[in-house]
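Have a look at the structure below before the remarks.
Derivation of every value follows stated rules applied to the coordinates shown; laboratory data play no part. All figures in this text were calculated on a predicted structure; none of them were measured in a lab. We place every Cβ from the backbone using ideal geometry, glycine too, and count neighbours over all the protein chains shown.
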Amino acid sequence: MRRKNEANTAGSVTFQRVDGGRRYYIKQQEVMAKNGDANAGQSNVLRAGEEEKWFESNMALCLVFFTVYFQKYSQLLEEKKAIGDLTHKELNCTKDNPPMDVWSCCPKDWKPFSSHCYYISTDAASGRESEEKCSRMGAHLMVIHSQEEQDFITKTLDPKAAYFIGLSDAGHRQWRWVDQTPYNESATFWHPREPNNNDEQCVVVSHPYSSWGWNDIRCSDEQKSVCQMKRIYL
Ligand SMILES: [Ca+2]
C-alpha cells in the first residue's frame, strides 16, 4: 500500500514514512506502528537501521577507495616526475659490452666518462644554488677521486672560469663530498697555499696558474659548475 507523509505516533517518538517507505526518520526500536500494524512499525525500524548500516559501510568503502586512489595517484606523480627528469632529455646511448644486451646512456649534452655522466653549467650561481640545479636534474656537483676524472672534465672547461665541485667544509675544515664518499687527503688537487680561509667553505676547480686545481671560496660567490650523475642503463 502506498502511504504518503503519514505521521505515526508510538510512545514518545514520532516518525514519518514517505511513499513506498523510502524515507524513514526512525531510530528507536521501541517505536510501534499505529492501528495495530505492529509488524510494519518493526519493519520500518529494521529498514531504517539497514539504511544506516548501508550508508556507513558505503562511506567506509568510499574512504578506503579514496585512500588507495590518493596513494596510487601520489605514487604516479612521483614516478612521472622521476621519468620526466629523464624523458625530457634526449639520451645518447652506446652498447659498451655487446654480449650484454644493455644500453649505457647519458642525457644529451652530458659527457660520459667511466660510469658517470657530466654536465657543465655555464650559468653562474652560488654554491648552494649550483647544487640545487644539479639536484633538479637528478645529479649532484662533481666528485673527483682521481687525476683521470679531473683531467677528463677540465680539458673541456674554460680556463678563465672557475667551476663549483661537490666538496665543502662542514665546519672546522672537515671536508665532505656531496655523495658522502670519503675525503681522501692523498687524492686531492688543491692549488698551492689552498685551502687558505676558514670562511671559504665551498670549492671550485680553476686554472689561475699553470694547471687546474682546487681553491676554497665563499659559498655565496657565483661561479659556473659541473654536475655529475650515474650513467643510465637500459
Ligand atoms: Ca681560497
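Observations on the structure shown:
- Relative exposure of Asp169, Asp199, judged by other C-beta atoms within 10 Å (fewest first): Asp199, Asp169
- Sorted by Cβ neighbour density within 10 Å, fewest at the top, the residues Tyr119, Tyr183: Tyr183, Tyr119
- Relative contact order for the range 94-233, counting Cα pairs under 8 Å that sit 6 or more residues apart, in percent: 36
- Potential extension, Trp54-Gln71 segment - 0.36 nm per residue separation minus Cα distance: 3.6 nm
- Counting every other Cβ atom within 10 Å of each residue's Cβ, Arg193, Arg231, Arg128, Arg173 order from fewest to most as Arg193, Arg173, Arg128, Arg231.
- Tyr183 versus Asp221: modelled label distance in nm, points set 7 Å from Cα along the beta carbon direction: 1.7
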